[in-house]
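Okay, so here's the structure we're looking at.
Please treat every number below as a calculation from the coordinates, not as lab data. If you're wondering where the values come from, they're calculated on a predicted model, not measured in any experiment. Using ideal geometry, Cβ is built from the backbone for each residue, glycine included, and neighbour counts are taken over all protein chains shown.
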2 protein chains.
Amino acid sequence: MASRMSEHTARAILSIASEPGDEKLGALIGEHGASQALEMIKSGQVSGAVVKRVREVMESKALEGAMTRLTNCGGRFIIPSDDEWPALLDDLDTSAPVGLWLKGTANLKVVTEKSLAVVGARASTAYGERMASEVGALAGQADVCVVSGAAYGIDAAAHRGALATDGYTIAVLACGVDVAYPAAHAGLLSRISESGLIISEAPPQGKPHKRRFLVRNRLIATLAQSTVVIEAALRSGSLSTANWANALGRDVWGIPGPVTSATSAGVHAGIRDGVMNIVTELCDVTSRFNTEPKIQNDLQDPLQIAVLKIIGTNQASTETLISKITQASDGNIDVHEIHSALAILELRGLVERTATGWRCR
Amino acid sequence: MASRMSEHTARAILSIASEPGDEKLGALIGEHGASQALEMIKSGQVSGAVVKRVREVMESKALEGAMTRLTNCGGRFIIPSDDEWPALLDDLDTSAPVGLWLKGTANLKVVTEKSLAVVGARASTAYGERMASEVGALAGQADVCVVSGAAYGIDAAAHRGALATDGYTIAVLACGVDVAYPAAHAGLLSRISESGLIISEAPPQGKPHKRRFLVRNRLIATLAQSTVVIEAALRSGSLSTANWANALGRDVWGIPGPVTSATSAGVHAGIRDGVMNIVTELCDVTSRFNTEPKIQNDLQDPLQIAVLKIIGTNQASTETLISKITQASDGNIDVHEIHSALAILELRGLVERTATGWRCR
């Protein structure tokens, strides 16, 4: 390569060649930029295992392969200079991701403006899964994005709770975004990427190594303002997520359970040790976002409020609505806006179509 | 009455004439002694409702009646100068009981040297009752006396857990010690008084007023080094006990439960507010008593250890045991001691009889 490589390409190569959380590499990139850092590694100005790996990647078709797979699954690769890169990740300093592999329709920066990490046991109880599902739904209703790991048990229940309320949810994987892991969650992952995001520090086809799970937990904690632990045995990986969240100054919540339940023991220990705040009501976990449920937010729109008032306890035809509102607004609100307001109110379940027009639900 | 009344009699009259927790009366007694305080009240040197009540009691047969009922139920009345009066009660200062009406075989001062108050909801769940019963049993096994209120739910389960392990337990009543309240617990109260104690600030036949329950809670908290709350709704009376215990500088523990359980909400709030420490394992609640369970204590007895060693993994006849041990001790341990050791080991479930002798369990 004659000309200097773009930061995107350099970071993609470094992401493929390194393991997530490599602080030495992070410091080098921080000082020189990724393109220059790559040159320095390639030319042997720095030492370490990364030198051999970078040369291997650059001498092979690894980058092209990863990019082809990424394109095939409809994914993208983002780096810190991209608009979509969330400032939350800056908290990781030199251990921040070199870049992120993404798949899905949501914008990572936008959805993580209000986000809640939900973590917990894979071998969860029915109680824990119910709580995870309810927390996911509460977050979804409050426009808070649920960040989790798509694992069995608590993770899956939390994602599903968010999806059930049309909420945003992010699955952070230890493997490539084109790998369904666990395989049984292929359908869940597909639903997540339709409205939310699947993200990973590992390139497409990356395998879920044990070490990657631990580093992945750190990423889950980083991508949310608050973390809630729902069932975790003593020494569970979820507790490492809680510790990361705590170290990053995030809110950390723990949902208590029966004292005899082994899957609640880690949560109770976290509460005892001051790592977590005890959840006394499920809505505690979304309280910091200071938001009312979506329905209330929507009703801050004056047009929607006006439409609901006109329909009132009776019915109203679309014609009546349009005539009354255009009149009241001196023609400033047009027919298209009124149709939009009706569509949103219908979507939210606040109004429904009748044979002759609309009624409130 | 010509001669000055004894402190016992004076305190009995004052106990009958006053309501528990009367701080003005407590201060008067503290300054002048009960006998002198009674004279001052009788002669109208002090004001208040207690003057009329004291005169009524002294002009009636109320004292004789109470004492006859006390004798008939095998009870006793103790005052601060009695050996049996526990120093724990001094923490109540002027609101300390004027005297205590007791029924039962245990010595109040001795059994409260290591005591655990167990309080909680009357409308408890199966989970809460199981926990209360296990805590009662753990305390019993650790020679820690269980102090509770003999109410339905948590109280009864805690008393029963203690009784099941031959532990001491105290029922603190809001009514007289000769009143079975609740009536359905007449049998339980009878079992408690056989090995432990029923105590009250109210005289025999005293009725359980609402105010007396609150003052009773304070007495429960005072009579134990630690208090554990097992299930309490928000604004439950058990939380008043926890607050008293906290104010008195006692350890206060809360056993968590499902976050959705209304009967655990008060406990979770107490943990959140720092009134209670979260229990992560049931044995936390007896940890401050720094005791091993009885079984371990018993095994510090060299003779019992020797007996267990001889029986080992096989069986041993009583004759063999006696012969080996008398030989090893040069005749210093006699047959009766060996039989006693075997009886205790059998009671503890460590050995069992076979057709030909004994084997370890």
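Key figures for this structure:
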quantity	calculated
Restraint check, B:Lys109/B:Lys207; B:Lys103/B:Lys309; A:Lys52/A:Lys114; B:Lys109/B:Lys309; B:Lys61/B:Lys114; B:Lys114/B:Lys324, Cα-Cα greater than 32 Å	B:Lys103/B:Lys309; A:Lys52/A:Lys114; B:Lys109/B:Lys309; B:Lys61/B:Lys114; B:Lys114/B:Lys324
Gaussian network model of chain B, springs between alpha carbon atoms under 10 Å - residue of B:Pro20, B:Pro204, B:Pro302 with greatest fluctuation	B:Pro302
Total formal charge among the other residues, if their Cβ is under 15 angstrom from that of B:Trp358, Lys/Arg +1 and Asp/Glu -1	+3
C-alpha long axis of helix B:318-328 to longest principal axis of chain B, angle in °	90
Tensor-based shape of chain A (alpha-carbon gyration tensor, a/c under 1.5 rounded, otherwise prolate or oblate)	oblate
Residue order, fewest to most beta carbons within 10 Å, for B:Cys360, A:Cys283	A:Cys283, B:Cys360
B:Ala355 paired with A:Thr71, simple spin-label distance in nm, labels 7 Å along Cα-to-beta-carbon	8.6
Region B:218-361: relative contact order in percent, alpha carbon pairs under 8 Å with at least 6 residues between	17
Ranked list, fewest to most other Cβ atoms within 10 Å of each Cβ, for B:Asp91, A:Asp330, A:Asp155, A:Asp178	A:Asp330, B:Asp91, A:Asp178, A:Asp155
Integer Hz, Karplus 6.51/-1.76/1.60 couplings in order for region B:150-155, x for Gly and Pro	6, 7, 4, x, 4, 3
Residues B:Glu56 and A:Ala126, FRET efficiency given R0 of 60 Å [Cβ-Cβ distance, rounded to 0.05]	0.45
Prolate/oblate/rounded call for the protein assembly as shown, Cα gyration tensor, a/c under 1.5 rounded	oblate
Degrees separating the helix B:126-141 axis from the principal Cα axis of chain B, which is the longest one	70
Average Cα contact separation per residue, region B:295-360, under 8 Å, 6 or more apart, as relative contact order %	42
Sequence-separation-based contact order of chain A, relative, with Cα cut under 8 Å and 6+ spacing, percent	13
Amide H contacts under 5 Å for A:Thr227, placed H, 5+ residues apart	A:Ala117, A:Asp251, A:Val252, A:Trp253
Charge sum, other residues only, whose C-beta stays under 12 Å from B:Val275's C-beta, Lys/Arg counted +1 and Asp/Glu -1	0
Most mobile of A:Ala316, A:Ala202, A:Ala184 in a GNM of chain A (Cα contacts under 10 Å)	A:Ala316
Inter-label distance for B:Ser195 and A:Ala164, nm, one decimal - labels placed 7 Å from Cα along Cα-to-Cβ	4.8
Cα-based helix-to-principal-axis angle, B:62-72 vs chain B, degrees rounded to 10	10
Modelled FRET efficiency - R0 56 Å, A:Arg211 with A:Glu281, Cβ distances, 0.05 increments	0.90
Helix-only mean residue ellipticity at 222 nm for chain B, each DSSP H run of n ≥ 4 adding -39500 (n - 2.57), per residue, nearest 500	-14000 deg cm²/dmol
Loop trypsin sites (Lys or Arg not before Pro), region A:48-94, which have at most 14 other Cβ atoms in a 10 Å radius of their Cβ (DSSP)	A:Lys61
A:Arg353, A:Arg272, A:Arg11 arranged by Cβ crowding within 10 Å, fewest neighbours leading	A:Arg353, A:Arg272, A:Arg11
For B:Gly196, residues with placed amide H under 5 Å, excluding near neighbours	B:Thr105, B:Ala106, B:Thr169
Label-point separation, B:Leu234 to B:Glu337 (7 Å along Cα→Cβ), nm	6.3
Residue among A:Ile220, A:Ile278, A:Ile322 with the largest mean-square fluctuation in a Gaussian network model of chain A, springs linking Cα atoms under 10 Å	A:Ile322
Distant-in-sequence amide H partners of A:Gly21 (H built 1.01 Å from N, under 5 Å)	A:Val98
Stokes-Einstein translational diffusion, region A:102-291 - Kirkwood Rh over all Cα pairs, 0.890 mPa s, 25 °C, in µm²/s	156
Among beta bridges that DSSP assigns inside the protein assembly as shown, antiparallel share in %, nearest 5	35
